[in-house]
């Protein structure tokens with residue numbers, strides 16, 4: 001099955017003259033969740049040479065008894081500093097249109113919605129969505145994993161934990177790998193259709209073609225990833241981690257200062273005990289008096305439903321006239337979710353088996369100068385002609401770019417509950 005071509009005027013027929021509703025909705029999941037929680041920091045906070053950021057490990061000072069009546073003074077110690085090295089990663093979003101589609105765009109009265117104008121105006125939102133997608137993982141650009149039940153074919157089951165098919169966008173191509181663990185790219189299929197996700201059962205995607213080498217355990221990566229050694233922006237699994245293996249922006253994770261507080265849920269649903277344990281472990285690291293502002297939780301939306309079910313209690317309704325009022329069995333679903341005094345940021349693209357507890361004042365974002373803009377083209381200042389067999393065609397491409405990365409300058413300010421489960425009602429099939 002060929003990859004659908006949505007760059008032509010023919011593909012835009014649903015928004016031509018016969019359309020009477022100018023409020024055209026988008027059915028693609030463009031959740032931007034955690035992306036807006038990272039602060040933008042410039043040259044004042046980040047050294048320009050290789051984007052270095054210092055972190056203080058030790059205040060310095062040696063405590064000791066001494067004899068003021070002629071005794072010797074102990075030798076002192078100074079403060080210990082190390083530095084993170086954080087390099088922005090270039091990301092590109094490519095849009096396309098045909099010459100006829102551009103003519104229709106400029107012809108007044110032929111359609112209610114101008115497809116090119118709408119596409120271009122949403123470029124920044126789509127980039128934020130891509131950033132949010134990449135923030136869910138580690139730093140290899142992995143957005144899905146083929147489930148162990150896959151036995152071949154273009155209909156591919158994806159492991160429900162942590163993402164299922166929720167990070168994949170319709171009509172986008174992805175780089176897929178083998179299952180060697182070395183990230184060897186075996187093809188770049190396109191996603192034609194996705195199953196509706198429950199957030200706890202196996203999702204599927206329909207590919208235009210299954211490349212040779214696609215097997216159980218293969219990974220889906222963002223297009224343009226480097227075979228064998230993919231490197232993307234740093235995600236929450238990299239930034240807030242209890243691991244003591246590898247490094248964090250050039251500093252060994254074997255150092256306790258690089259390890260966030262954590263609680264292993266062992267596939268159990270979220271409980272109050274886990275929240276309290278995480279609080280104790282985070283304060284044990286940094287102390288209860290450390291300045292940690294803008295504190296929030298971040299998790300997948302199914303964890304909210306799980307918590308509400310676990311927190312449901314019996315209610316006693318008293319009556320003086322023998323009549324009982326109707327009982328509303330559900331809380332107000334639009335209410336904000338808080339744990340203690342901290343807001344919970346829920347997201348439909350977050351990992352289903354994790355809950356992060358983060359301090360926004362220590363979450364940082366760095367960019368190269370001149371990022372977040374369209375790349376100037378040769379056609380009308382923005383568009384680039386598309387060639388086929390060396391011949392220019394009536395199709396053209398437009399590119400919106402960003403170069404960024406995320407990190408934290410205080411790992412002990414954050415915590416994570418990992419390996420979370422959900423209640424059985426959430427894992428029921430559609």
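Tabulated values for the structure
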{"quantity": "Gain upon complete extension [residue 387, residue 171; 0.36 nm per residue less C-alpha separation]", "calculated": "75.6 nm"}
{"quantity": "Distance histogram in 20 Å bins (all Cα pairs of the chain, percent per bin)", "calculated": "21, 49, 24, 5, 1"}
{"quantity": "Highest-MSF residue in the chain out of 117, 160, 218 [GNM, Cα springs under 10 Å]", "calculated": "117"}
{"quantity": "Efficiency of FRET from Cβ geometry, residue 65 and residue 209, R₀ 60 Å, rounded to 0.05", "calculated": "0.20"}
{"quantity": "Inter-label distance, nm, simple model (7 Å from Cα along the C-beta direction), residue 394/residue 256", "calculated": "7.0"}
{"quantity": "Sites residue 308 and residue 371, calculated FRET efficiency, Cβ-Cβ separation with R0 51 Å, nearest 0.05", "calculated": "0.80"}
{"quantity": "Cα long-axis angle, helix 123-135 against the chain (0 to 90 degrees, to the nearest 10)", "calculated": "50"}
{"quantity": "Among 386, 295, 52: highest mean-square fluctuation, GNM of the chain, C-alpha pairs under 10 Å", "calculated": "386"}
{"quantity": "Using alpha-carbon coordinates, inclination of helix 301-311 to the longest axis of the chain, degrees", "calculated": "50"}
{"quantity": "Estimated FRET transfer efficiency when R0 is 56 angstrom, pair residue 378-residue 289 (beta carbons, to 0.05)", "calculated": "0.40"}
{"quantity": "Proxy reagent accessibility, fewest Cβ within 10 Å first, across 412, 384", "calculated": "384, 412"}
{"quantity": "DSSP bridge pairs, the chain: antiparallel proportion in percent, nearest 5", "calculated": "85"}
{"quantity": "Stokes-Einstein D (µm²/s) once Rh is taken as the Kirkwood radius of the range 109-181 over alpha-carbon pairs, at 25 °C in 0.890 mPa s", "calculated": "165"}
{"quantity": "Whole-percent pair-distance distribution, where bins are 5 Å wide, for the alpha carbons of the range 140-232", "calculated": "3, 17, 29, 28, 18, 5, 0"}
{"quantity": "Spatial extent of the range 202-324: Rg and Dmax, with the Cα atoms as the point set, Å", "calculated": "22.4, 75"}
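Each reported figure results from applying straightforward, stated rules to the coordinates on display, with no laboratory input. Please read these numbers as outputs of a predicted model, since none were measured by experiment. Positions of Cβ are backbone-derived with ideal geometry, glycine not excepted, and every protein chain shown enters the neighbour counts.
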